[in-house]
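The structure appears right after this line, and notes come after that.
The values are calculated or read from the model by the stated rules, or taken from the named source; none is laboratory data. The model shown is predicted, which means the values in this text are computed figures rather than measured ones. Using ideal geometry, Cβ is built from the backbone for each residue, glycine included, and neighbour counts are taken over all protein chains shown.
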Number of protein chains: 2
Amino acid sequence: MNAEPFLQLDRVIHEKGRLAIMSLLAASPQLAFTEMRDTLNMTDGNITAHLRTLQEAGYVSVTKEFQGGRPLTTFALTSRGRRAFTTYINLLEQIVQQTKSGK
Amino acid sequence: MNAEPFLQLDRVIHEKGRLAIMSLLAASPQLAFTEMRDTLNMTDGNITAHLRTLQEAGYVSVTKEFQGGRPLTTFALTSRGRRAFTTYINLLEQIVQQTKSGK
C-alpha cells in the first residue's frame, strides 16, 4: 500500500463537517449561511465554527451586504480553497482506487 | 448536493491515521505491529492509540503468539471491520463522483 495519499490529506478539509461545507461551496458560486446550515442540517454554532476554521485557512471568503434592506451574509470558496479542495478530492480518489484494486 | 454521504461517514474510520490503518489491513490477511508502524511512518504511541480505538469499535482483532520463541503481535480486520470499511469507501466514492459531476 502507498501511504502517501493518507499522509497528504489536508486536516482542515478532512473533518467531515468541513468536507461537506467545502463540497457544497464547490458546487455554487456563493451560498447564504442559512442555505448551507439547512442543506447540511447543522446547528448555527457548529457551522459557524467550521466556517471560521475554513476562513482562517484562507479557503473560504465571507461577504456581507444588504439585499432589499436586509443583511445577507454569503460564503464562497477562494481560489486557494478551490485548489486545496481539488487536491483533496484527487487524494480521496487515489485512496478509493487503491482500495478497490486491493493494493 | 446530497448531504447524506457526508453525514454517514463513520467517524471511527474517517480520522486519517485510522483510515490509513484500515486500508492497510484491508489489503492483507494480518499484519505485525512493527510492519504497520513502519509502513505508515507513525510513532508507537500514535498507532497504538488508533489500534485501540479500532479494537474497541470491533473493527480490528489482535493476536499474540510466539514465533521461533519470540512474541509476535498481529492485527487483522474483523468481518465487522471489513463491512464498515467497505461502506466507508463506497461513501467516499459517492463524494468524489458527486464532486466531479459538480452537483
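Please enumerate the residues belonging to segment B:68-83 that are buried (at least 16 other Cβ atoms within 10 Å of the Cβ), in a strand (DSSP E or B) and over 10 Å from the mean Cα position of the chain (by Cα).
Those that are buried (at least 16 other Cβ atoms within 10 Å of the Cβ), in a strand (DSSP E or B) and over 10 Å from the mean Cα position of the chain (by Cα): B:Thr74, B:Phe75.
Of all residues in segment B:49-103, which are in contact (Cβ under 8 Å) with a residue 24 or more places away in the chain, of a type in the set (S, T, N, Q) and over 13 Å from B:Val12 (Cα atoms)?
Answer for segment B:49-103, where residues must be in contact (Cβ under 8 Å) with a residue 24 or more places away in the chain, of a type in the set (S, T, N, Q) and over 13 Å from B:Val12 (Cα atoms): B:Thr63, B:Thr73, B:Thr74, B:Gln94, B:Gln98.
Could you list, ordered by first residue, the pairs with Cβ atoms under 9 Å in which the first is in segment A:1-30 and more than 9 Å from chain B (Cβ to nearest Cβ) and the second is surrounded by fewer than 18 Cβ atoms within 10 Å (Cβ to Cβ) and small (Gly, Ala, Ser), at least 6 apart or interchain?
The qualifying pairs are A:Asp10/A:Ala57; A:Val12/A:Ala57; A:Ile13/A:Ala57; A:Leu25/A:Ala76; A:Pro29/A:Ala76; A:Gln30/A:Ser61; A:Gln30/A:Ala76.
Looking only at residues in segment B:52-67 that are under 17 Å from the mean Cα position of the chain (by Cα) and loosely packed, with under 15 Cβ neighbours inside 10 Å, which one is farthest from B:Leu19 (Cα to Cα)?
B:Thr63
On the given criteria, is A:Thr86 at pLDDT below 95, within 14 Å of chain B (Cβ to nearest Cβ) and part of a helix (DSSP H, G or I)?
When the stated conditions are applied, A:Thr86 does not pass them.
State yes or no: is B:Thr99 in contact with a Ser or Thr (Cβ under 7 Å, 6 or more places away or on another chain) and under 21 Å from A:Lys16 (Cα atoms)?
yes
Which of the residues spanning segment B:31-42 are more than 7 Å from chain A (Cβ to nearest Cβ), surrounded by 15 or more Cβ atoms within 10 Å (Cβ to Cβ) and part of a helix (DSSP H, G or I)?
Across segment B:31-42, the qualifying residues are B:Phe33, B:Met36, B:Arg37.
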